[in-house]
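Structure, as structure tokens:
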């Protein structure tokens, strides 16, 4: 299964696996699954870090690649097709980062690993 990690899912997978649901833990540890992180999530982390709202042991430009590689997580490219999907997306969720992750998952036929109930209102596949 191709899994797109929500930003919080990636952070918890790297720092606090106890915050993940048992289902999420199993999915992320199953070597048969392909794990992906979006540049949108990296952008979100960088903004929160710069504003002092995200505590990381290193700056995001070092921390993210280190934990992404250590956990076998690939970068999911952000494509023109994904971005142009945004106007077709219902307005259930107002967070711009989550909305773009939804677009990526829809365009790439992926499942988002997320605890976010608002994301579940879309036709995108989710697991938690």
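Values computed for the structure shown
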{"item": "Identity of the residue in segment 86-109, touching a residue at least 24 places away in the same chain (Cβ under 8 Å), within 11 Å of the chain's Cα centre (by Cα) and surrounded by 19 or more Cβ atoms within 10 Å (Cβ to Cβ), that ends up nearest to residue 34 (Cα to Cα)", "result": "105"}
{"item": "Pairs with Cβ under 7 Å, 6+ apart, first in segment 51-63 and closer than 13 Å to residue 15 by Cβ, second in a loop (DSSP other than H, G, I, E, B)", "result": "63/56; 63/57"}
{"item": "Hits in segment 53-68 (condition: surrounded by fewer than 18 Cβ atoms within 10 Å (Cβ to Cβ), modelled with pLDDT of 95 or more and closer than 27 Å to residue 30 by Cβ)", "result": "65, 66"}
{"item": "Subset of segment 28-40 that is out of contact with any strand residue (DSSP E or B) (no Cβ under 6 Å at 6 or more places or on another chain) and under 15 Å from residue 111 (Cβ atoms) - its residue that is surrounded by the fewest Cβ atoms within 10 Å (Cβ to Cβ)", "result": "32"}
{"item": "Residue match in segment 47-64 (condition: under 14 Å from the mean Cα position of the chain (by Cα) and under 15 Å from residue 3 (Cβ atoms))", "result": "no"}
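The values are calculated or read from the model by the stated rules, or taken from the named source; none is laboratory data. Worth saying up front: this structure is predicted, and the values here are computed from it rather than measured. FYI the Cβ positions are ideal-geometry reconstructions off the backbone, even for glycines, and counts take in every protein chain you see.
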